[in-house]
Amino acid sequence: STLFPYTTLFRSYKMADDLLEASYEIRANNFWFWLKATASTLLAWAPRYLVLNCVIAAFAVTSLGLGEHIIAFARQAIMFIMMLVSPTPGSSGVAEYMFTLLLSDFTPKGISIALAAVWRLISYYPYLLIGAIMVPRWINRVYGGKKQLENEEADPTANENPSDSDEEEVLSTSNQEA
């Protein structure tokens, strides 16, 4: 237990070194690499942010022009920044409140909270459902489920690296000789 802070510190330094090395490698790339990287990032993230515009456009009283869509998108950016500092898990409640506060002028009166719920049902809750299905499977795959945990509890040395135990034997033999 006394080694924990040192291993954490070592891992932090290792991660920092890896990040620095990756930044040197990425920096050497040409303009076309950066253009493709930017385009793929925009293509990956734009649909996630445009879901809200689609929900608003579907229920808007009047047709929304490009200017209104840009304003809705900008307000959504403000809303996402506010959601980052939300004290509730997944910004529950805060997201819906911010929706009614910032985007109610685009929606018919009285249905802003319902549209906020529709927006969250489309853009947030599927991630929770997929995570609830995927995470247990991932844990089972990575950590081997109950069998591996039971084996480790029964024989804690069963999963040691053989080279580690050989190294310990050499060290103990050399300590006895000295």
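The values are calculated or read from the model by the stated rules, or taken from the named source; none is laboratory data. Source: prediction; values computed, not measured. Note that we place each Cβ from the backbone using ideal geometry, even for glycine, and neighbour counts take in every protein chain shown. Protein only, heavy atoms only, side chains kept; ligands, DNA and RNA dropped before computing areas. Shrake-Rupley method; radii C 1.70, N 1.55, O 1.52, S 1.80 Å.
For a paramagnetic label modelled on Val94 (point 7 Å from Cα along Cα→Cβ), amide N atoms under 20 Å away belong, within the stretch 34-70, to 49, 52. Rounded, prolate or oblate: which fits the stretch 1-78 when a ≥ b ≥ c are the square roots of the eigenvalues of the alpha-carbon gyration tensor, with rounded for a/c under 1.5 and prolate only if a/b beats b/c? Oblate. Between the beta carbons of Thr38 and Ile113, assuming R0 = 41 Å, the FRET efficiency works out to 0.70 to the nearest 0.05.
Of the solvent-accessible surface of the stretch 1-145, computed with a 1.4 Å probe over protein heavy atoms with every protein chain present, carbon and sulfur atoms account for 73 percent. The residues of the stretch 1-116 present an accessible area of 73 Å² per residue when probed at 1.4 Å with all protein chains retained. Please give me the summed charge of the neighbours of Glu25: other residues whose Cβ is under 14 Å from its Cβ, Lys and Arg +1, Asp and Glu -1. The answer is -2. 3J(HN,Hα) couplings calculated from phi for the stretch 118-124 with the Karplus curve 6.51 cos²θ - 1.76 cosθ + 1.60 (θ = phi - 60°) are, in sequence order, 4, 4, 5, 4, 7, 9, 10 Hz; Gly and Pro show x.
A crude spin-label estimate for the pair Ile78 and Val61, with each label 7 Å from Cα along the Cβ direction, gives 2.0 nm.
Comparing Cα centroids, the stretch 1-67 and the stretch 75-93 end up 18 angstrom apart.
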